[in-house]
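Everything on this sheet refers to the single structure shown next.
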Amino acid sequence: MGQHDTFDAIIAGSGHNGLTTACYLARAGLRVLVVEKNDWIGGAAVSRSLHDGWTYSNCSYVCSLLRREIIRDLELPRFGLQVIPYEGGATFTREGDYFAYYSDHDALNRELARQNPRDVDAYERFSQAVMRQCRFIRPFLLRTAPDPTSLKPRDLSELLYLVKKANDLGARELGETQRFWTMSIADFLDEHFESDLVKAHIAGGGIIGTGLGVYSPGTAYVLLHHYMGDVDGTIGAWGFARGGMGSITQALAASFESSGGTIVTGSGIDQFLTKGGKVTGVALENGDVYHASVVASNMDVRRTFINHTAESDLPSEFVTAVKRFKTRGSSGKINVSLDRFPTFPAAPDGARFLSGDMHCSTSLQELEKAYDDWKVGRWSQEPYFDMLIPTQIDPTMAPPGKHMMTVFVQYAPYDLEVDGVRSPDNWNETQRQAFATCVFDKMEQACPGIRDHILHAEVRSPYELEQEVGLTEGNIFQGELTFDQLLFNRPVPGYAQYRTPIGGMYLVGSSTHPGGGVMGAPGANAAREILRDVGKGQAMPVYTD
Amino acid sequence: MSNTTQNFDAVIIGGGHNGLTAATTLARKGHSVCVLERSSVLGGMMSVGGAEAPSFTSRLAHLLYNLNPKVERELGLRLNARNLTTVSLAPNGEHVEIDGGKARMMDGALHPKAVAFATLQTRLQRFATLLSRLSLRTPPKLSGSWTDPETFGELMGLAGIGLGLKGMGKVEMREFLRALLTNVHDLMVDDLDDGPLAGAMAADAVRGSFSGPKAPGTLFSLLYRLGNGANLRAPVGGMASAVAAFEDAAARAGCVIKRQSAVRSVLVQGDRVHGVELDDGTVIHAKAVLSSIGPQATINLAGIQHFDVEIARRAKNLRAKGTAGKLNLLLKARPEFSGLPAPLHQARLLIAPSSDYVEHAFNPVKYGSFSEAPTLEILLPNAHTPETPQTLSAVVGYMPHDPPGGWTDALRTKAEQQIMAVLEAYAPGIGDRVQHSELLTPTDIQTETGAAGGHWHHGEMGIDQILNVRPINGMAHYQCGVEGLYLCGASAHPGGDINGAPGRNSALQALKDGAL
């Protein structure tokens, strides 16, 4: 392969969405090139070996949202993807107690009754309400968002689809859906449950990755992300990808290459090349140039257009709108090598819930305070974390008898405040260690003495995520999931259907509908639009709900 | 009073402005109406308190900024009010005068972001005017098919708004759909940079809400406030004269108004309302009862057994935690705000020097606490006549309605000291001029007016509690479960502020339903 090669399509970035788009295009017969800045592929769905013998899913860590249509279409199991569901989880209290979540109905009811007998019924109502919302939203994930300002037949038909689905709900249900989408998770939980501990356990799912608090409107919707996926058809289940999240992107890459695709790593995009309002290819930082009439960017909208596109190529209102797109990072990640399984004194012997997601935040107020800390540029004094030890189910991630722990933390700011100055440059080793100390201090609530078993810890703030993965400001969703940035507003109004102001240039990452999480839906939806535009629309599978 | 019975077409529970509006609307259509107010004065949150309360001419609400012009016209309200400009005060003396879409510094120079502000304000006003079309209609039910006349009418109304939206052009329509549910902080700071100008807009958006400017949905609150043109008016002679205007309109229309007439229960038989019983045993028969005291209180008066379990549960869960308090000061002399020219002491003065400040003022109330840097909306009603007794009227944000342990004397003193400290920073020497002070917390407001949580809007104006789900999903069209029973206060669409639309709309709905 020469340094100046022509392809039918070039994908900038080998994150899971970029690879998904690449696969669909390659299967439709296009000659496709994927370029990646890192030496490894995968974006934020990666498995990294940073401590000898251990493998970390050092960004995303659990799998549920990956659309089963995509898994099926791209034959990912054939290329090595295996997702093993995990069950349950728990929140540990300061007093040495816990609330455990079980997927077994009866076990869960007993646990709920232990907290508050009335919450057993409450859970019934709550899960029904959430499931109703999941059922409503799922068909929309693999559909392009309509443009409500357009009179084009396709857009009108998409709008009509939305109206029909809404109408099918009936007035009362529609009101419920309207409320659910605009409520805060805390208010939604307050309407159902009495136990603060139960509420706190569930509420975390509403703020993961967001720049919002549990009392902020719109967080009930974010909770849907937690429930609307599936593993092997079990809706709401979560699982570990065997070998780490990197196995997802490895499987995508293998599927891609088996369809004739090419991947080039080690150099990122310097500039998207254009001529006469149309894209002509990419110039890499190492000087290589590749040509194609279709170029898709897996980077977020700001990185794509502010960093790597000439401003003169774009309408000024578009640039303004892109600059206004909010990508505030709010999450930290700590990946840990353990020399043995930690002790959880509160948990009964052989407790299955230890293989699930564990937390130490015990009240809604505590969660809200964690958010208030972030607002002023500090990490949360009492952080919320989503902590798992996947090696109980996937022993391949550590040497025999040893364990790996993944800790996702809310909240950590991108622009850390130190001595009155807010800047990402404030994140140095000292600050990272102080942040980690804060997290491990809190973790003592669940597993005292955890620090004695730590052989290695990778501590990441939003700044590291930005540097390594390319996520602007470390926002894990490539842009916040607030109403002004969803559906026909994502990433910017008028450009919410994967196309950009530059002819032949597309966006395929989580900056587009339906947003973030390891879903693949943006990538698949974008592929559909691209294939349509190049006259190969029939090559894309049609999904009926 | 003896055990007499009386007969009216309609009985209104609560003599606040919405109750009086509902009454007047019905009376003008020829119906016999009786308004029942439990205290000795009318006005609800506009009232100046009874004889036992110290006399401030605007004791609770002190401004008209969202009075629906159609209501004003239909009622024939005789209001004498003067228009006010706004000054957003800055700690360093670089105050900003805001008059409609114009932003000026104290020396008359344009604010550095004056052009961006004017553009933004024009756009927001356009959006707000479009949305305000929803204010004067019962929210759509859309329960029937397209051929059902009621549903068809609702769809036409919505289509009108849709056309209005399309008529704005693609760019504006897109911006509307993007901005509608966004947070006011980002919208302001994106265009204006943070400072007293952005702070003023943020403060106006969230005043009375359990929400800071960074919360999604707060732009909608601002659009609600701009819906009637945002003409800031201070009634001449204080709010008492505005209450008198509402009372006058009601009396002229033929309403019977009874003070010190608390309702003990709403009488229901066979799922139909047939009147009310007062605390003293008097029974008043009516074909319709319109209640302005909110769904929870109304359900309790009627008896919870008449409502389905789901409705009762939702009414209990209605979010109504008041956050606005009021400080009234009697002063020996007019305060002098640093850097503020004498004539501008007659303006509405805001202490909200940035959107971040407003957010910071909000945070503690989530934990039942009170910020050391509250926001203040200040009026000096007699600033133009310095020889007359001087008062200061300030709406305080944010005060918890239910702090742990309650509003003890110690807590009140502490809160008042914190507010005075802020005032002292902007108007040095004011502390020495205080002759008498009165602090009203949301708990006090609840006690005095009956508003749940002492909430400004009788129920949070969050986007999940407005329009077709206000106050609750399943009871959002003024009808309150039982036939002939209606909600006519701020807990009904469109919401609070001294607006009058809920009163008017509920009355019209009752007439439409043939309840009278």
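Things to note:
- Dipole moment magnitude, nearest 20 debye, the protein assembly as shown about Cα centre, only Lys, Arg, Asp, Glu C-beta charged: 2960 debye
- Mean partner shielding of peptide B:178-184, defined as the number of other chain Cβ atoms within 10 Å of each residue Cβ, is 6.
- Packing rank of A:371-382, B:160-171, where each peptide gets the mean count of other beta carbons within 10 Å, highest leading: A:371-382, B:160-171
- For the range B:283-357, pairs of C-alpha atoms spaced more than 17 angstrom apart make up 70 percent of the total.
- Binned Cα-Cα distances of chain B, short to long, each 20 Å bin given as a whole percent: 23, 57, 20, 1
- For the range B:238-383, the dipole from Cβ point charges (+1 on Lys and Arg, -1 on Asp and Glu) about the Cα centre works out to 140 debye, to the nearest 20.
- Once Rg and the Kirkwood radius are both taken over the C-alpha atoms of the range B:12-143, their ratio Rg/Rh works out to 1.08.
- Residue order, fewest to most surrounding Cβ atoms within 10 angstrom, among B:HIS274, B:HIS285: B:HIS285, B:HIS274
- Over the range A:78-191 - Rg/Rh using Cα atoms and the Kirkwood inverse-distance radius: 1.11
- Sorted fewest first by neighbouring Cβ atoms within 10 angstrom, B:SER135, B:SER506, A:SER330, A:SER355 come out as A:SER355, B:SER135, A:SER330, B:SER506.
- Under Karplus coefficients 6.51, -1.76 and 1.60, residue-wise ³J(HN,Hα) of the range A:167-174 in Hz, glycine/proline x: 5, 4, 5, x, 4, 5, 5, 4
- Nearest-0.05 FRET efficiency for A:TYR543 and B:MET156, computed from C-beta distance (R0 35 Å): 0.50
- R0 of 25 Å, Cβ-Cβ distance A:ASN286-A:THR6: FRET efficiency to nearest 0.05: 0.85
- Per-pair calculated FRET efficiency, R0 = 41 Å: A:PHE341 and B:GLU94 via Cβ, rounded to 0.05: 0.10
- Tail beyond 47 Å, pair distance distribution of chain A (Cα, percent): 8 percent
- Sorting B:323-336, B:19-32 by average packing, meaning the other beta carbons within 10 Å per residue, from highest down gives B:19-32, B:323-336.
- Placing unit charges on the Cβ atoms only, positive for Lys and Arg and negative for Asp and Glu, gives chain A a dipole magnitude near 1500 debye about its Cα centre.
- Mean separation of Cα contacts under 8 Å, 6 or more apart, over the residue count of chain A: relative contact order %: 24 percent
- Length released on extending from A:GLU317 to A:ALA166, taking residue separation times 0.36 nm less the Cα-Cα span: 51.1 nm
- For the range B:369-438 and the range A:319-368, distance of Cα centres in Å: 43 Å
- Averaged over peptide A:166-176, the number of partner chain Cβ atoms lying within 10 Å of each residue's Cβ comes to 4.
- A dipole drawn for the range A:371-448 from +1 and -1 charges on Cβ atoms has a positive end, and of A:GLY420, A:VAL376, A:PRO400 the residue lying farthest that way is A:PRO400.
- Angle of helix A:118-141 to the longest C-alpha principal axis of chain A, folded into 0 to 90 degrees and rounded to 10: 10°.
- Hits among lysines - C-alpha to C-alpha of A:LYS402 under 28 Å, sequence gap 8 or more where chains match: A:LYS333, A:LYS442
- Spherically averaged projected area of the range B:166-310 from its Cα convex hull (nm²): 14.6 nm²
- Approximate shape of the range B:140-227 as ellipsoid semi-axes (Cα gyration tensor, √5λ), whole Å, largest first: 32, 16, 9
- Loop GluC sites (Glu not before Pro), the range A:82-143, which have at most 16 other Cβ atoms in a 10 Å radius of their Cβ (DSSP): A:GLU95
- For the range A:439-541, the alpha carbon positions stretch 61, 29, 24 Å along the principal axes, listed from largest to smallest.
- Between the range B:243-281 and the range A:33-97, the alpha-carbon centres lie 65 Å apart.
- Semi-axis lengths, Å, the range A:185-295, gyration tensor of Cα atoms, sqrt of 5 times eigenvalues: 43, 21, 12
- Farthest positive-ward along chain A dipole, Cα basis, beta-carbon charges - from A:PHE180, A:PHE92, A:PRO501: A:PRO501
- The Rg/Rh ratio for the protein assembly as shown, using Cα coordinates for both the radius of gyration and the Kirkwood hydrodynamic radius, is 0.99.
- Among A:THR20, A:THR262, the ranking by other beta carbons within 10 Å of each residue's beta carbon, starting with the fewest, stands as A:THR262, A:THR20.
- The residue among B:ALA383, B:LEU290, B:ALA320 whose Cα reaches farthest toward the positive pole of the charge dipole of the range B:279-406, with charges on the beta-carbon of Lys, Arg, Asp and Glu, is B:LEU290.
- Between A:ARG68 and A:THR396, residue separation times 0.36 nm minus the direct Cα-Cα distance comes to 115.7 nm.
- For peptide B:208-218, the mean count of partner chain Cβ atoms within 10 Å of a residue's Cβ comes to 4.
Rule-based calculations on the coordinates, nothing more; no lab input. Being a predicted model, the structure only gives us computed values, none of them experimental. FYI the Cβ positions are ideal-geometry reconstructions off the backbone, even for glycines, and counts take in every protein chain you see.
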